[in-house]
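Q: Structure incoming, see below.
The values are calculated or read from the model by the stated rules, or taken from the named source; none is laboratory data. This structure is a prediction, so every number in the text was calculated from the model and none was measured. With ideal geometry, Cβ positions are generated from the backbone for all residues, glycine too; neighbour counts draw on all protein chains shown.
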């Protein structure tokens with residue numbers, strides 16, 4: 001699925017660009033990873049609850065944390 005990979009990379013870069021352009025807002029992104037859902041035809045290795053951990057982390061990060069980051073359930077993605 002090369003189009004999916006390109007769209008994910010583009011969205012990550014757009015997140016960084018928006019975060020740098022307007023620091024009045026907190027702009028971050030999350031990567032849920034390979035989650036066992038219909039979109040992955042159930043080949044994901046983690047549960048929906050595990051996949052949602054990255055989303056919850058982004059939603060609850062403190063105001064003093066870094067901006068423009070990509071977070072997974074294991075931490076910041078370089």
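Q: Residue by residue through the stretch 67-78, note down the ones that are in a loop (DSSP other than H, G, I, E, B) and surrounded by 15 or more Cβ atoms within 10 Å (Cβ to Cβ).
A: Within the stretch 67-78, 67, 68, 69, 73 meet the criteria.
Q: So, in the stretch 12-44, exactly how many residues are in contact with a strand residue (DSSP E or B) (Cβ under 7 Å, 6 or more places away or on another chain), closer than 20 Å to residue 69 by Cα and not in a strand (DSSP E or B)?
A: 6
Q: In this structure, is residue 64 surrounded by fewer than 14 Cβ atoms within 10 Å (Cβ to Cβ), at negative phi, in a helix (DSSP H, G or I) and free of Cβ contacts under 8 Å to residues at least 12 places away in the same chain? Lay out the reasoning, then the answer.
A: Numbers: surrounded by fewer than 14 Cβ atoms within 10 Å (Cβ to Cβ): yes; at negative phi: yes; in a helix (DSSP H, G or I): no; free of Cβ contacts under 8 Å to residues at least 12 places away in the same chain: yes.
Here the answer is no, as residue 64 does not meet what is asked.
Q: Now a separate question. Examine the stretch 45-54 for a residue that is under 15 Å from residue 77 (Cα atoms), at pLDDT 85 or above and surrounded by fewer than 16 Cβ atoms within 10 Å (Cβ to Cβ), and state whether such a residue exists.
A: No: the stretch 45-54 contains no residue that is under 15 Å from residue 77 (Cα atoms), at pLDDT 85 or above and surrounded by fewer than 16 Cβ atoms within 10 Å (Cβ to Cβ).
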